[in-house]
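Notes to accompany the following structure.
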Amino acid sequence: MVSTIHLTGVILTIVLLLAVSWLSGRHVKDAHSFTTGGNSGSWMVCGALLGTLAGGQSTIGTAQLAFCYGLSAWWFTIGAGLGALVLGLFYAGPLRRSGCNTLLEVVSREYGHKAETVGSILFLIGIFISIMSQVLSSSAMIGSLFGISTLWASITGAVLIMLMVLFGGIRSAGAGGIVKLVLLYLSSLAAGVVVWHVAGGMTGLREGVDSIYHSPALAQFNGLTDAESIHQRYGSMFARGVFKDLGGCLSLVLGVVCTQSYAQCIWSAASTRKARRGALLCSLFMPIIGAACTLVGIYMRGHFVTAQELNMLQAAGETLPAGIGVIEDSAQAFPAFILKYLPAWLGGLMLGTMLINILGCGSGLSLGAATILVRDVYGNFKRRMGMTSAPLSQLAQTRLSIVDILTAAVIATLLFHGTFINDLGFLSLGLRAVAILLPLCFALWCPGRFQPGGMLLSMPVGVAAMLMAKFTDMPGDAVYYGLAASLAILLLKQQGQHHLQH
C-alpha cells in the first residue's frame, strides 16, 4: 500500500520544509527578535497561525471524528477559524498596546506573580493534553505508513518530536509557515475534490454510510438503531448534541485567544492592521481545510471498518462485504485515504506536510511545557527552599524535562488509546481558556476592577470544575462549567471584599 513514490514524496517534502524554515530563520538573531520582531506581513501572520492551528487535530483528528460522527466534526476548524477572527478583531490592538511579550505577563502585571505561577501550572496541564493529541496523530500517521503497532508508532512519534526539539523545531512563521500553508491547503483541497468526485457528492457519501450500516451488528455496535439515527448522526452539525458541539466550538474560540503561540503571531506583525488581516485570512482558510477533512472522514466510513469492528463482525458470524477495507482504528482514516485514493506523488507530498506539521507542533508544545516546568514550577520551588544552585544546568533540566514529558505522553496515549484526537483538543484549549480568559480580559479592559486574591482563586477553581464536569459526563460541554465556576468565585470574592471595606 505504501510505495517508494510515497516515501520519496514524504522525505522530499520534509527536506524542503526544513530547508525553507532554516533559511528563513537565519535572519533571526535572538529569541526576542524572533518572538516580537515586529516585521511580519499579513501572509506571514496567517502562515504562522495556520502552522500551529492546522496540525494533527485539525486534519487527522477532524477526519477521525467525521468517520464516527459525520458533519459535526467540522466544528473544530470552524471554532479555530472563529478564534483567529476574534483574536484579530478584538485582541490584536489591546495586546500590542499592552507592551508585554506574553499573555501571562499581562496577567502578572495586573494581578501579581502568584497569578502568573498558578496560570503557568494550569497552562502546563492544557499543553500536556495537546502533546498527547500530537503523539496520537503522529502514531496514526506512522502506523499507516509502516504498519507497526500503536505502541511502537507512539514511541517513534515521541522520539521524532524529541529530535525536532533538538533540531530547533519547525518554526511556524515566516517563509516556512507560508510554504506549509500552501502545501497543506492545496493538498487538503485536492483530497476534498477527490472525495466529492469519487463519491458523487453528498448523495454518494450518504449512500456509502447507509451501505456500511446494512449490517445490524455494526449498527448496533455503534449505537445506531435505524436509518433515521444514521442520518441524524452523519448528516447533522449537532450529532453529539447542540450544547456539546457548540461548547466544543466555544472552547476553540476562547482557547485560541488564550494561547501564547497564537498571540505571538499577533505580536510579531509589523502593524496592528497587518495582524488583523493575517488573522482574518486564517479564519477564512481554517473552515475550508476542515470541510475537506470532514468529507474524507465520512467517505472512509462508507468504505472501511476498524479492526475492532471487524473482530465484532466475525464474532457475530458476519463476513466483511466485498470492497470494504480495514484500518487499525478511526484515527487512521485520513492517512489511509491518502495512501489508497490519491496519486502517489500527491500522497507523499501531503503525508510529508502533515507529518512535519504534527512533529513541529509537538516539538513546540513540548519545549513550551518543559520551559514552564523548569522556570516556573522548579524555579519557584528552588527560591522557596533557598537553593542558590542546582546539580544540573537549566539546559540539561529542560532536555530531561522534555524526555519526561514525552515519555508520560506516550504512556497516557496508550492508556487513552481510542480517544478522539479532537476531544483532547477541545479539552486542552478549553482548559487554557478557563485558566486565564477572565484574568486576561479584565487586565486588558478593566484594570483595577478586581482584587488579585479573588482572581487567583478563580483560576484553579474554574479548571477543577471543568475537569470534574468532563470526567463525570455532565450534560453539555465541560467548558461551560469551568467558566461559570471561575466567574462565580470571582464575583463572590469581589462582593465579600466590598462588604469588608464598608
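The values are calculated or read from the model by the stated rules, or taken from the named source; none is laboratory data. This one's a predicted model, so the numbers in the text were calculated from it and none came from an experiment. As a convention, Cβ positions derive from the backbone with ideal geometry for all residues, glycine included, and neighbour counts pool all protein chains shown.
For segment 262-305, enumerate the residues that are surrounded by fewer than 20 Cβ atoms within 10 Å (Cβ to Cβ), in contact (Cβ under 8 Å) with a residue 12 or more places away in the chain and among the polar types (S, T, N, Q).
Within segment 262-305, just THR272 meets the criteria.
Results for (1) among the β-branched types (Val, Ile, Thr); (2) at pLDDT 80 or above; (3) within 18 Å of ILE405 (Cα to Cα); (4) part of a helix (DSSP H, G or I), shown as yes or no for each residue.
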| residue | (1), (2), (3), (4) |
| --- | --- |
| ILE142 | yes, yes, no, yes |
| LEU151 | no, yes, yes, yes |
| SER154 | no, yes, yes, yes |
| VAL159 | yes, yes, yes, yes |
| MET162 | no, yes, yes, yes |
| VAL165 | yes, no, yes, yes |
| ALA175 | no, no, no, yes |
| LYS180 | no, no, no, yes |
| TYR185 | no, yes, no, yes |
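Within segment 239-260, track down each residue that is more than 30 Å from ASN311 (Cα to Cα) and surrounded by fewer than 17 Cβ atoms within 10 Å (Cβ to Cβ).
First, the residues of segment 239-260 that are more than 30 Å from ASN311 (Cα to Cα): 242-260.
Passing the criteria: VAL242, PHE243.
Before we move on, is ALA48 buried (at least 23 other Cβ atoms within 10 Å of the Cβ), of a type in the set (Gly, Ala, Ser), part of a helix (DSSP H, G or I) and modelled with pLDDT under 90?
For ALA48, the condition - buried (at least 23 other Cβ atoms within 10 Å of the Cβ), of a type in the set (Gly, Ala, Ser), part of a helix (DSSP H, G or I) and modelled with pLDDT under 90 - is met.
Determine which single condition VAL28 fails, assuming it passes every other condition in (1) modelled with pLDDT under 85; (2) assigned to a helix (DSSP H, G or I); (3) surrounded by fewer than 24 Cβ atoms within 10 Å (Cβ to Cβ).
For VAL28, the exception is condition (2).
State the number of residues belonging to segment 307-358 that are buried (at least 21 other Cβ atoms within 10 Å of the Cβ), of a type outside the set (A, V, I, L, M, F, W, C) and at pLDDT 90 or above. Show your work before the answer.
Let us first name the residues in segment 307-358 that are buried (at least 21 other Cβ atoms within 10 Å of the Cβ), namely 309, 327, 330-338, 347-358.
Now drop any that are not of a type outside the set (A, V, I, L, M, F, W, C), which leaves 309, 330, 332, 335, 347-348, 352-353, 357.
Still in the list and also at pLDDT 90 or above: 309, 330, 332, 335.
Qualifying residue count, segment 307-358: 4.
Does segment 87-100 contain at least one residue that is touching a helix residue (DSSP H, G or I) at 6+ places or on another chain (Cβ under 9 Å), in contact (Cβ under 8 Å) with a residue 12 or more places away in the chain, of a type outside the set (Phe, Trp, Tyr) and on the phi > 0 side of the Ramachandran plot?
Scanning segment 87-100 turns up no residue that is touching a helix residue (DSSP H, G or I) at 6+ places or on another chain (Cβ under 9 Å), in contact (Cβ under 8 Å) with a residue 12 or more places away in the chain, of a type outside the set (Phe, Trp, Tyr) and on the phi > 0 side of the Ramachandran plot.
Could you name every one of the helices (runs of 4 or more DSSP H) located completely within segment 268-348 that has at least 1 residues being of a type in the set (S, T, N, Q) and within 22 Å of the chain's Cα centre (by Cα)? Spell out the reasoning first.
On the way: elements: 272-301, 307-315, 333-341.
Of the helices (runs of 4 or more DSSP H) lying wholly inside segment 268-348, those with at least 1 residues that are of a type in the set (S, T, N, Q) and within 22 Å of the chain's Cα centre (by Cα) span 272-301.
Would you say VAL326 is touching a Phe, Trp or Tyr at 6+ places or on another chain (Cβ under 9 Å) and closer than 20 Å to GLN57 by Cα?
Details: touching a Phe, Trp or Tyr at 6+ places or on another chain (Cβ under 9 Å): yes; closer than 20 Å to GLN57 by Cα: no.
No: the conditions fail for VAL326.
Collect the residues in segment 242-281 that are farther than 30 Å from PHE420 by Cα and out of contact with any helix residue (DSSP H, G or I) (no Cβ under 6 Å at 6 or more places or on another chain), keeping them in residue-number order.
SER268, ALA270, SER271, ARG273
Test each condition in (1) touching a Ser or Thr at 6+ places or on another chain (Cβ under 9 Å); (2) more than 17 Å from PRO460 (Cα to Cα); (3) surrounded by fewer than 23 Cβ atoms within 10 Å (Cβ to Cβ) for SER130 and report the one that comes out false.
Of the numbered conditions (1) touching a Ser or Thr at 6+ places or on another chain (Cβ under 9 Å); (2) more than 17 Å from PRO460 (Cα to Cα); (3) surrounded by fewer than 23 Cβ atoms within 10 Å (Cβ to Cβ), the odd one out for SER130 is (3).
For segment 213-236, check the following and say yes or no: at least one residue is under 27 Å from the mean Cα position of the chain (by Cα), charged (D, E, K, R) and in a helix (DSSP H, G or I).
Just the residues of segment 213-236 that are under 27 Å from the mean Cα position of the chain (by Cα), to begin with: 222, 232-236.
Those left that are additionally charged (D, E, K, R): 233.
With the extra rule that they be in a helix (DSSP H, G or I), the set shrinks to 233.
Yes, the conditions are met somewhere in segment 213-236.
Find the helices (runs of 4 or more DSSP H) located wholly in segment 54-131 whose residues include 2 or more that are over 30 Å from ASN222 (Cβ atoms) and not polar (S, T, N, Q), and list them.
Working: elements: 62-69, 75-86, 92-97, 103-111.
Helices (runs of 4 or more DSSP H) meeting the threshold: 75-86, 92-97, 103-111.
Give segment 73-107 a look and list any residue that's of a type in the set (Val, Ile, Thr) and farther than 26 Å from ILE298 by Cβ, or say none. Give the steps one after another, and end with the answer.
The initial filter retains those residues of segment 73-107 that are of a type in the set (Val, Ile, Thr), namely 77-78, 86, 102, 106-107.
Residues satisfying the conditions are VAL86, THR102, VAL106, VAL107.
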